[in-house]
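Colleague: My questions all concern the structure below.
The values are calculated or read from the model by the stated rules, or taken from the named source; none is laboratory data. These numbers come from a predicted model, not from an experiment. Please note: Cβ atoms are built from the backbone with ideal geometry, for glycine as well, and neighbour counts cover all protein chains shown. All accessible areas refer to the heavy atoms of the entire protein, side chains included, with ligands and DNA or RNA removed. Shrake-Rupley method; radii C 1.70, N 1.55, O 1.52, S 1.80 Å.
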Amino acid sequence: MMQHEVAPPKGARRNRKRVGRGDAAGQGSTAGRGMKGQKSRSGRGPRVGFEGGQLPVIKGLPMRRGFTNIFKTYYTLVNLDTLERFDAGDEVTPAILAQRGYIRNLNRPVKVVGGGELTKSLRVSANKFTRSARAAIEAANGTVEEITAR
């Protein structure tokens with residue numbers, strides 16, 4: 001096969017539609033633009049989002065209300081009920097919680113919150129503890145260790 005013999009398959013390339021070239025051509029007269037009005041004329045049409053003078057939908061949206069704090073730290077929360085599932089004397093770390101499927105990943109810091117009761121003595125390591133969670137762990141003769149880095 002020579003270079004001059006290479007051609008696309010039949011039907012792969014089509015000629016452009018030549019509008020406004022007479023009624024016999026199929027796109028004559030109004031050239032597919034409908035009847036009259038701003039969008040049928042030559043030149044640029046109305047701007048994007050223009051609704052004919054009616055109050056545009058975009059102006060009714062509260063776009064600038066409040067803000068997003070880009071420095072906010074989002075914690076993965078772990079309840080005391082979750083810690084109750086461990087055996088007495090176990091060490092609980094974010095890695096072990098992720099391994100057992102109690103937290104999804106280790107990208108976010110872990111915070112232990114006081115939801116539920118704890119009756120077992122555990123060694124718990126996490127990034128943060130609520131006052132009630134810390135008190136409940138220590139009341140069950142457990143130890144609390146705060147991890148500073150992620």
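Colleague: Give the distance, in whole Å, between the Cα centre of region 82-147 and the Cα centre of region 52-66.
Modeller: Value for the Cα centre distance between the two parts: 47 Å.
Colleague: When the dipole is taken about the Cα centre of region 1-105, and only Lys, Arg (+1) and Asp, Glu (-1) are charged at their Cβ, what size is it in debye, to the nearest 20?
Modeller: Approximately 1680 debye in magnitude.
Colleague: Sticking with this one: Taking the Cα-to-Cβ direction at I70 and at T93 and moving 7 Å from each Cα, how far apart do the two end points lie in nm?
Modeller: That separation, rounded to one decimal, is 3.4 nm.
Colleague: Send over a whole-number figure in Å² for the accessible area per residue of the chain, probe 1.4 Å.
Modeller: 82 Å²
Colleague: In nm, give the distance between the simple-model label positions of D81 and E145, each being 7 Å from the Cα along the Cα-to-Cβ direction.
Modeller: The modelled label-to-label distance comes out at 2.8 nm.
Colleague: Turning to a different aspect of this structure: Which loop-located chymotrypsin sites (Phe, Trp or Tyr not before Pro) does region 1-101 contain, where loop means any DSSP state but H, G, I, E or B and the Cβ has at most 10 other Cβ atoms within 10 Å?
Modeller: Counting only loop positions with at most 10 other Cβ atoms within 10 Å, the chymotrypsin sites (Phe, Trp or Tyr not before Pro) in region 1-101 are F67, F71, Y74.
Colleague: Can you match Cα extents along the principal axes in Å to one of these, (1) 93, 61, 25; (2) 42, 36, 30; (3) 55, 36, 27, based on a calculation from the structure here?
Modeller: (1)
Colleague: Could you order peptides 19-26, 97-104, 53-60, 76-83 by the average number of other Cβ atoms within 10 Å of their residues, highest first?
Modeller: Those peptides, ordered most packed to least, come out 76-83, 97-104, 19-26, 53-60.
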